[in-house]
Amino acid sequence: MSNPNKAKGTRWEVAVRNYLRASGFEDVFRLAQTGVDDEGDLHGHDIKDWAIECRDRKSISLAENVEDAKSRAKAKGCKYGIAFIKRRTKSVEDAYVLMDAETWVRILKELSEK
C-alpha cells in the first residue's frame, strides 16, 4: 500500500476486527469503502445493528467522529453508530468507543427492557 495513512487505518481496522472475533463476534469482517453512502468499516450478522468506524489518527476530533458514526449508521439503516478510536501505544481493548448521548440513552433503554 503506497499511502502510509491508509495502511495505518487498514491495520487498525484489522486489529479491531480480530479483537471482536476473539471476543465471540466471529462473523465480523471488513468491507471496502463505498464512497458517499459508506456504511462503516466493520460488518457482520453479530453486529448488524451497529455501524462501526475505526479511527487511528494523531489527533482525535470528537465531534467529527461522532458525526461520521451517526452518518454511517444512517447509511447502513441500523440502530447505532460508534467510532472505535485508537489510543497511542495502547492495545485494542484500551481503545475509546465513542458515541453521542442520544445513542447511549437508546442503548440503555433497550437493555432495561430486556
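How do the pairs read when you match residues in the range 75-90 that are open to solvent by less than 20 Å² (accessible area, probe 1.4 Å) with residues anywhere that are of a type in the set (Asp, Glu) and not in a loop (DSSP other than H, G, I, E, B), using Cβ under 6 Å and keeping only pairs 6 or more apart or on different chains? Cβ pairs passing all conditions: Ala83/Glu53. Here Thr34 fulfils each of the conditions (1) of a type in the set (Val, Ile, Thr); (2) modelled with pLDDT under 95; (3) surrounded by 14 or more Cβ atoms within 10 Å (Cβ to Cβ) apart from (3). Take the conditions (1) open to solvent by 70 Å² or more (accessible area, probe 1.4 Å); (2) touching a strand residue (DSSP E or B) at 6+ places or on another chain (Cβ under 6 Å); Ile52 misses just one of them, which is (1). When the criteria are applied in full, Lys58 meets the requirement of being surrounded by fewer than 16 Cβ atoms within 10 Å (Cβ to Cβ) and among the basic types (Lys, Arg). Filtering Ala51, Ala83 for residues that are at pLDDT 95 or above, within 23 Å of Ile107 (Cβ to Cβ) and of a type in the set (Gly, Ala, Ser) leaves a single hit, Ala83.
The values are calculated or read from the model by the stated rules, or taken from the named source; none is laboratory data. This structure is a prediction, so every number in the text was calculated from the model and none was measured. In this analysis, Cβ positions are derived from the backbone assuming ideal geometry, glycine residues included, and neighbour counts consider all displayed protein chains. To get the accessible areas, we keep the full protein, side chains included, count just its heavy atoms, and leave off ligands, DNA and RNA. Shrake-Rupley method; radii C 1.70, N 1.55, O 1.52, S 1.80 Å.
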